[in-house]
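The structure appears right after this line, and notes come after that.
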Amino acid sequence: MEEIAYSVHPAIVTLVGALLGAGYFAFLRWQTQAGGLNISLGVGALAGVIGATLLTAPLGYCMFQADQKSEDIIIGWIAVLLGLMLTLNLFSMLLWRYFRGQRLLPRGDTTPGAFRGRFGLLYAMTVLSPTILVLVFFVYLPMVDTLRFSTFLARFGAPRTRFICVSNFSRMLADLDYHSNLFLSFALSFGIIIIAMSLALLIASMLNQPIVGANIYRTLLIWPYAISPLVAGVIFSLLLGTESGIVNRVLDLTLGVKVPWLVTVPAAQISVVLASVWNVIGFNILFYTAGLQTIPKDLLESASIDGAGAWQRFARITFPLLSPFTFFLIVTNTIYAFFDTFSLIFVLTRGGPTESTFTAMYRVYVTGILSSDIGKSTAQSLILFLIVVGITIFQFRVGQRRVQYGNY
Amino acid sequence: MFRRFVVILFVLTLALGTMVPALAQDVIELEAWVAFSDHRYDWAVDTADRFNALHDDINVTMLSVANYDTIVNNYTLGREDGAYPEIVQLFDAALQFAVDSNWFDFAEDIIAGRDEILGHPVDFDDIIPVISNYYTVDGVWASVAWNTSTPIMYYNVELLEQAGVMEMPRTWADILDACAALQPLVDDGTISACATWPFSPWFIEQWLAQQNEYMVNNENGRAGRATEFNLDTDAYRAIAEFYRELYSNGYFIYEGFDQWGPPTQSFTSGKVAIMMSSSAAARAISEGATATGFTLKTTGMAYNQDAPDGWVGNILGGATMYISNGLAPEVQDAAMAFLLFFSNTENSASWHTASGYVPVRNSSIELLKNLEPGNELLWDIPSGARVDIETNDWYAAFPNFLTASTQLGTSTVNNATRGSTYGTFQQSRPYYGGVVEEYMLNGGDLDAMIAETNAELTELLQEYNFLFADE
């Protein structure tokens, strides 16, 4: 068999994984002072080895072969890091349970009403199977396919595919256009989330006042969410066209100006943000309205008796008590802004002018669906997936400390 | 009692379910996917019904799919799980993919030298040459031409005459001159700007062909499989420079990449004097002009007066009908018979009046010039039915409808005007369109942009070839 030449030998990759794992676990041991050092080091090294090989070995360590570009090697190390993050977290959790004398796997719910007895598990699985089957066939298997396709050059209808290691990823690493797509996704998402949430909170607070016909307002305000982003795009393109748009018609008649909403920078970006805000705000209002109704009136009343003004009551009582809703909405709005706005962009601007509204998700759509270049687009969608998972984990870590789940 | 009733009902349903298909077995069911949903779809349904009335044993059902891209995607996915139609309408950009996928039987192979199929004559001789040449692959006629268009100019005669422009512009220089003359009307608020049209990559392809230039190597992929892009040409640069001049002088309203609705709206409402669009919009634009109350005049697509060979010709656009492979011989013949009927002299003429797509046959043009009562060729949009054209000569009454046929009919047929064919056609459009867009809006180093895009597109094309080309 021909010897494969590596620029970084798999043995070195594995060794680095083992060292990092052992080091991390030694650090944890030093921090917590729990359990034995040797067992920590051993488990850490094992976790490190598994982590380092998890994503690289299935691809035959191809990214570390001598004929690969430096970008591929970088992607290789990123894959090692991702694998390590996964296994080190998992193993440290297991080891922690072991040190505290707990079972490695949670025993399951033993409260009354849980499925117990000889056929308990079987019964539970039978009842759950429709859901599990749907998840497996429509979510997990396609995800595995996505992972697989991201390492291929592949097109719909093509008689063959070609394994290209991590080239789809390393190409993105070097592609400045893709970087600006990603940056734009963050910028637009940030704008959408900030505006959609603050405006929704304002509107929901007003809706919470005892006014005549509040139910009708509420229904009307929530209604835009029932519209798909694509239709929202159509509505806004009718509103914002330079010559034939309704908004410019009104501006022209009143102020004598026409704003090229969809064909200049930054107007096009602002238009996309505003259209998305309009689309998603109903969802936010719905949750904030529900949230506001859970806030105990006596708390607010006693605060106002104690002399707290409207702003103080809002800032000190209402907003903190709404934090579970805010947290949930930040997560869902992030997902909306990253993943769901592409169809709106497709109708409104086609990513233009000059790619100024070309978000990363829109790139996935254009590459995969319009151009049937599925290898590249699955790689792009995986990157987006990792980013959103990363943001969500970050939000959970940072947000959860400040979220107050009260027992009221 | 109730239970017995349910059981009997169940058995009856089962029996009926197995019997009905057995009874209907003699009818050949054909499904045809088309990318229209407006009155053009109504026309297609009506024509299918006319065909069905002629054949008791064939039933053609039309299915409307959102647009050209979606039809390609849906068909591709349909092939994966075996649910695809017998007949599908694929647009020009999908030609190479249609060939490479091996999913279709070519029309000429199906006909196999016969004079008629199920009573429908095969006479491809009078199809306009530039049309037949487009869909000829390696000397074989691939699909049956249906909706064929070409870009033409649309002018608001009153506005141009008000500015003292009495001759309709024919060249890029004419347009720039006319725009300079129209500027006072813009300044005093009579109109919004001189010109607007959809910023579509299709026009770039057309202008390359007009200047006798290829988009890709191997003579546009016609002399052999294309392997490289050919953007580094004077012709392509000239297009970018023309757009830049139009835009930076404020003559041109840009309404976004490949957006067709807003420019048409601006023109038909009389706010812009010059538009370029597909001939397929002729019917809609004529009616818009009549409603607004201005005189519409059309000419061939404006061309670069400085091109070394002058105007050489235009490429056709639109789509054709393909027949899926693997059909039983009688099904295949039924599908072919339908397409022969669909594109015969009368139907091709009627289709032209319904839309503005050119009649693909010379005999249809002759028919429209010598009409008789009872012709039932005009598609009446409100009622959704065919009515008589109440004139002897359609083109004398509606001269704007002849422009497109003349343009294609007088085009020199060579590998520039046959149009490019390569696998990444649709994928590449935003790239070479994007360079022109970027240069038009922001200027910059055109040569550098061309070099970068040319390399990117060549790489994509070679990847495609690696997956599809015969080894």
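Listed here are the helices (runs of 4 or more DSSP H) enclosed by the stretch B:314-411 that have at least 2 residues being touching a Leu at 6+ places or on another chain (Cβ under 9 Å) and among the hydroxyl-bearing types (Ser, Thr, Tyr): B:345-355. Restricting the stretch A:146-162 to residues that are within 14 Å of chain B (Cβ to nearest Cβ) and either in contact with a Pro (Cβ under 9 Å, 6 or more places away or on another chain) or without any contact (Cβ under 8 Å) to a residue 24 or more places away in the chain (or both), the residue that is surrounded by the most Cβ atoms within 10 Å (Cβ to Cβ) is A:Ala158. Among the residues of the stretch B:293-301, not a single one is in contact (Cβ under 8 Å) with a residue 60 or more places away in the chain, of a type in the set (Ser, Thr, Tyr), part of a helix (DSSP H, G or I) and at negative phi. When the stretch B:444-462 is filtered for residues that are facing another protein chain (nearest Cβ under 10 Å) and out of contact with any helix residue (DSSP H, G or I) (no Cβ under 9 Å at 6 or more places or on another chain), only B:Glu459 remains. Residues in the stretch A:163-175 that are closer than 14 Å to A:Gln380 by Cα and out of contact with any Lys or Arg (no Cβ under 8 Å at 6 or more places or on another chain) were compared, and the one that is surrounded by the most Cβ atoms within 10 Å (Cβ to Cβ) is A:Val166. Take the stretch B:56-73 and flag every residue that is surrounded by 17 or more Cβ atoms within 10 Å (Cβ to Cβ), more than 19 Å from B:Leu327 (Cα to Cα) and out of contact with any Ser or Thr (no Cβ under 9 Å at 6 or more places or on another chain). Within the stretch B:56-73, B:Tyr68, B:Asp69, B:Ile71 qualify.
Could you please give the count of residues in the stretch B:16-55 that are of a type outside the set (Lys, Arg), at pLDDT 60 or above and assigned to a helix (DSSP H, G or I)? So the count comes out to 15. Inspection of the stretch B:138-153 finds no residue satisfying the criterion of being of a type in the set (Phe, Trp, Tyr), within 14 Å of chain A (Cβ to nearest Cβ) and in a strand (DSSP E or B). State whether one or more residues within the stretch B:232-240 are within 14 Å of chain A (Cβ to nearest Cβ) and in contact (Cβ under 8 Å) with a residue 12 or more places away in the chain. Looking through the stretch B:232-240, at least one residue is within 14 Å of chain A (Cβ to nearest Cβ) and in contact (Cβ under 8 Å) with a residue 12 or more places away in the chain.
Applying the selection to the stretch B:249-272, what residues are surrounded by fewer than 21 Cβ atoms within 10 Å (Cβ to Cβ), within 14 Å of chain A (Cβ to nearest Cβ), touching a residue at least 40 places away in the same chain (Cβ under 8 Å) and more than 25 Å from B:Asp69 (Cα to Cα)? Answer for the stretch B:249-272, where residues must be surrounded by fewer than 21 Cβ atoms within 10 Å (Cβ to Cβ), within 14 Å of chain A (Cβ to nearest Cβ), touching a residue at least 40 places away in the same chain (Cβ under 8 Å) and more than 25 Å from B:Asp69 (Cα to Cα): B:Gly250, B:Gly270, B:Lys271. Looking only at residues of the stretch B:328-374 that are surrounded by 19 or more Cβ atoms within 10 Å (Cβ to Cβ) and in contact with an Asp or Glu (Cβ under 6 Å, 6 or more places away or on another chain), we find that the one that is nearest to B:Asp57 (Cα to Cα) is B:Ala335. When B:Ala142, B:Ala163 are checked against the criterion of being in contact with a helix residue (DSSP H, G or I) (Cβ under 9 Å, 6 or more places away or on another chain), within 30 Å of B:Glu80 (Cα to Cα) and among the small types (Gly, Ala, Ser), B:Ala142 stands alone in meeting it. When A:Phe25, A:Phe64 are screened for being within 24 Å of A:Ile383 (Cα to Cα) and in contact (Cβ under 8 Å) with a residue 40 or more places away in the chain, only A:Phe64 passes. Residues in the stretch B:385-437 that are away from chain A (no Cβ under 14 Å), touching a strand residue (DSSP E or B) at 6+ places or on another chain (Cβ under 7 Å) and over 22 Å from B:Gly318 (Cα atoms): B:Arg386, B:Val387, B:Asp388, B:Ile389. Number of residues in the stretch A:260-292 that are within 14 Å of another protein chain (Cβ to nearest Cβ) and among the β-branched types (Val, Ile, Thr): the value is 4. Filtering the stretch B:434-456 to residues that are in contact with a Pro (Cβ under 8 Å, 6 or more places away or on another chain) and either of a type in the set (D, E, K, R) or at pLDDT 95 or above (or both) leaves only B:Glu437.
Is it the case that B:Ala98 is within 12 Å of chain A (Cβ to nearest Cβ), assigned to a helix (DSSP H, G or I) and in contact with a Leu (Cβ under 6 Å, 6 or more places away or on another chain)? Before the answer, list the steps.
Details: within 12 Å of chain A (Cβ to nearest Cβ): yes; assigned to a helix (DSSP H, G or I): yes; in contact with a Leu (Cβ under 6 Å, 6 or more places away or on another chain): yes.
Answer is yes for this residue.
Tally time: how many residues in the stretch A:226-253 are within 13 Å of chain B (Cβ to nearest Cβ) and without any contact (Cβ under 8 Å) to a residue 12 or more places away in the chain? Qualifying residue count for the region: 7.
Does at least one position in the stretch B:275-282 carry a residue that is within 14 Å of chain A (Cβ to nearest Cβ) and not small (Gly, Ala, Ser)? Spell out how you get there, then give the answer.
Filtering the stretch B:275-282 down to residues within 14 Å of chain A (Cβ to nearest Cβ) leaves B:275.
With not small (Gly, Ala, Ser) added as a condition, the list becomes B:275.
Yes, some residue in the stretch B:275-282 is within 14 Å of chain A (Cβ to nearest Cβ) and not small (Gly, Ala, Ser).
One line per residue, one yes/no per condition, for (1) away from chain B (no Cβ under 14 Å); (2) without any contact (Cβ under 8 Å) to a residue 24 or more places away in the chain; (3) in contact with a His (Cβ under 8 Å, 6 or more places away or on another chain); (4) surrounded by fewer than 17 Cβ atoms within 10 Å (Cβ to Cβ):
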{"site": "A:Ala303", "(1), (2), (3), (4)": "yes, yes, no, yes"}
{"site": "A:Ala308", "(1), (2), (3), (4)": "yes, yes, no, yes"}
{"site": "A:Pro320", "(1), (2), (3), (4)": "yes, no, no, yes"}
{"site": "A:Ala337", "(1), (2), (3), (4)": "yes, no, no, no"}
{"site": "A:Glu355", "(1), (2), (3), (4)": "no, no, no, no"}
{"site": "A:Leu384", "(1), (2), (3), (4)": "yes, no, no, no"}
{"site": "A:Val389", "(1), (2), (3), (4)": "yes, yes, no, yes"}
{"site": "A:Gly399", "(1), (2), (3), (4)": "yes, no, no, no"}
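Figure legend. Inter-residue proximity from the stretch B:104-131: first residues β-branched (Val, Ile, Thr), second residues exposed (fewer than 12 other Cβ atoms within 10 Å of the Cβ) and modelled with pLDDT of 90 or more, beta-carbon distance below 8 Å, spacing 6+ or different chains. Indicated pairs: B:Val122/B:Arg114; B:Val122/B:Asp115.
Annotation: of all residues in the stretch B:57-95 being within 21 Å of B:Ala334 (Cα to Cα) and among the hydroxyl-bearing types (Ser, Thr, Tyr), the one that is farthest from the other protein chains (Cβ to nearest Cβ) is B:Thr61.
Let me spell it out: the conditions are (1) out of contact with any strand residue (DSSP E or B) (no Cβ under 7 Å at 6 or more places or on another chain); (2) within 14 Å of chain B (Cβ to nearest Cβ); (3) farther than 24 Å from A:Ala158 by Cβ; (4) surrounded by 21 or more Cβ atoms within 10 Å (Cβ to Cβ), and A:Arg363 meets all of them except one. Which number is the exception? All conditions pass for A:Arg363, except number (3). Picking from residues in the stretch A:148-163 that are modelled with pLDDT of 90 or more and of a type in the set (A, V, I, L, M, F, W, C), the one that is farthest from the chain's Cα centre (by Cα) is A:Phe163.
For residues that are of a type in the set (S, T, N, Q), under 18 Å from the mean Cα position of the chain (by Cα) and part of a helix (DSSP H, G or I), tally how many sit in the stretch A:359-377. Walk me through it before giving the result.
Step one: list which residues in the stretch A:359-377 are of a type in the set (S, T, N, Q), which gives A:359, A:367, A:371-372, A:377.
Right, trim to under 18 Å from the mean Cα position of the chain (by Cα) and you get A:359, A:377.
Filter again for part of a helix (DSSP H, G or I), leaving A:377.
Count: 1.
Here B:Leu441 fulfils each of the conditions (1) surrounded by 18 or more Cβ atoms within 10 Å (Cβ to Cβ); (2) more than 10 Å from chain A (Cβ to nearest Cβ) apart from (2).
The values are calculated or read from the model by the stated rules, or taken from the named source; none is laboratory data. Keep in mind the model is a prediction, meaning the values are calculated, not measured. Virtual Cβ from ideal backbone geometry, glycine too; neighbours counted across all protein chains shown.
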